[in-house]
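The values are calculated or read from the model by the stated rules, or taken from the named source; none is laboratory data. Note that the structure is predicted; figures quoted are calculated from it, not measured. Reconstructed Cβ throughout: ideal geometry from the backbone, glycine too, with neighbour counts over all protein chains shown. What goes into the accessible areas is simple: the full protein's heavy atoms, side chains included, and nothing from ligands, DNA or RNA. Shrake-Rupley method; radii C 1.70, N 1.55, O 1.52, S 1.80 Å.
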Amino acid sequence: AAQFNLGLKKFGADAEKNHRALVRAVALRALRGVVLATRVDTGRMRGNWQVTEGAPAEGYKPDTADKSGQATIAKGNAVIGTATGRSMIWMHNGVPYAKYVNEWDKIVETTAHSLRVWIRAQANVRGAKP
């Protein structure tokens with residue numbers, strides 16, 4: 001019974017670790033998707049993607065611009081890297097025109113579709129049925 005309990009604890013710890021890793025991988029892929037799909041003029045919208053865990057960010061940072069998106073991805077990755085995997089990871093862009101650009105360019109919709117395709121591919125690689 002003791003050996004079984006130890007095996008069960010190890011399974012639980014491994015499952016928790018794998019869950020966190022999966023949540024982080026999906027969140028990072030989502031972040032890269034929305035940031036890099038955001039069109040660039042001044043870089044203000046691209047630089048205003050904010051990542052939080054547990055509750056969404058509010059507002060925007062008017063002086064934040066990131067034409068390449070790399071600084072925004074790095075900031076978001078820092079949040080994602082410490083995420084527990086137990087709470088929602090939020091990606092928010094509060095620039096006043098973000099809603100209209102997203103409606104036009106389908107930034108979030110396209111990223112979500114790409115994530116679904118990637119997740120299905122990952123499941124197939126590991127032998128799971130979609």
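Mind listing just one residue for me: the one in region 3-37 that is more than 30 Å from Q70 (Cβ to Cβ) and modelled with pLDDT of 70 or more and, of those, surrounded by the fewest Cβ atoms within 10 Å (Cβ to Cβ)? If you could, list the steps in order and put the result at the bottom.
Filtering region 3-37 for residues more than 30 Å from Q70 (Cβ to Cβ) gives 3-16.
From the residues that got through so far, the ones that are modelled with pLDDT of 70 or more too are 3, 16.
On the way: Q3: 7, E16: 13.
Across region 3-37, the extreme among qualifying residues is Q3.
If you go through region 57-87 one residue at a time, how many are open to solvent by 90 Å² or more (accessible area, probe 1.4 Å) and under 15 Å from G33 (Cα atoms)?
Going through region 57-87 one residue at a time, the tally reaches 3.
Kindly indicate whether G33 is within 22 Å of D105 (Cα to Cα) and in a helix (DSSP H, G or I).
Details: within 22 Å of D105 (Cα to Cα): yes; in a helix (DSSP H, G or I): yes.
In short, yes.
Are there any pairs with C-beta distances below 8 angstrom linking a residue in region 117-130 that is part of a helix (DSSP H, G or I) to a residue that is modelled with pLDDT under 65 and open to solvent by 80 Å² or more (accessible area, probe 1.4 Å), with the two at least 6 apart or on different chains, and if so which?
Final answer for the pair search is R120/P130; A123/K129; A123/P130; N124/P130.
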